[in-house]
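The values are calculated or read from the model by the stated rules, or taken from the named source; none is laboratory data. Values in this document were obtained by computation on a predicted structure and should not be read as measured data. All Cβ positions, glycine included, derive from the backbone under ideal geometry; neighbour counts span all protein chains shown. All accessible areas refer to the heavy atoms of the entire protein, side chains included, with ligands and DNA or RNA removed. Shrake-Rupley method; radii C 1.70, N 1.55, O 1.52, S 1.80 Å.
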Amino acid sequence: MNLIDLKELINRLKISRSAMYAKMKAGLWPKAIKIAPRTSRWFCYEVEDMILFMAAGPTDEQIRSKVASIHAARQKHVSIS
């Protein structure tokens, strides 16, 4: 399971740090997972999935729905463990 940090994520997406946080706040990108008190990361497979999804030109509501499904899937994995 590979993880990606914020620096690598914004480099991949070619957006600023503040734009990334704005997307997360607006529900247009999945929130990072906390792996330590001051360390957050994203799953690489979620990032790749979102990039492919975004390439199709979805509406903001479709993006929010996708983000909600990613967050729900994370919860499902936590519940199983």
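Residues of the range 1-31 that are closer than 20 Å to Ala68 by Cα, open to solvent by 90 Å² or more (accessible area, probe 1.4 Å) and either at pLDDT below 95 or charged (D, E, K, R) (or both): Lys25, Lys31. No other residue among Lys66, Lys34 is in a helix (DSSP H, G or I), basic (Lys, Arg) and either open to solvent by 40 Å² or more (accessible area, probe 1.4 Å) or out of contact with any strand residue (DSSP E or B) (no Cβ under 7 Å at 6 or more places or on another chain) (or both) apart from Lys66.
On inspection, Trp29 does not qualify as under 9 Å from the mean Cα position of the chain (by Cα) and part of a strand (DSSP E or B).
Kindly evaluate Arg74 against the criterion of being under 14 Å from the mean Cα position of the chain (by Cα), surrounded by 13 or more Cβ atoms within 10 Å (Cβ to Cβ), assigned to a helix (DSSP H, G or I) and of a type in the set (Lys, Arg).
Details: under 14 Å from the mean Cα position of the chain (by Cα): yes; surrounded by 13 or more Cβ atoms within 10 Å (Cβ to Cβ): yes; assigned to a helix (DSSP H, G or I): yes; of a type in the set (Lys, Arg): yes.
For Arg74, the condition - under 14 Å from the mean Cα position of the chain (by Cα), surrounded by 13 or more Cβ atoms within 10 Å (Cβ to Cβ), assigned to a helix (DSSP H, G or I) and of a type in the set (Lys, Arg) - is met.
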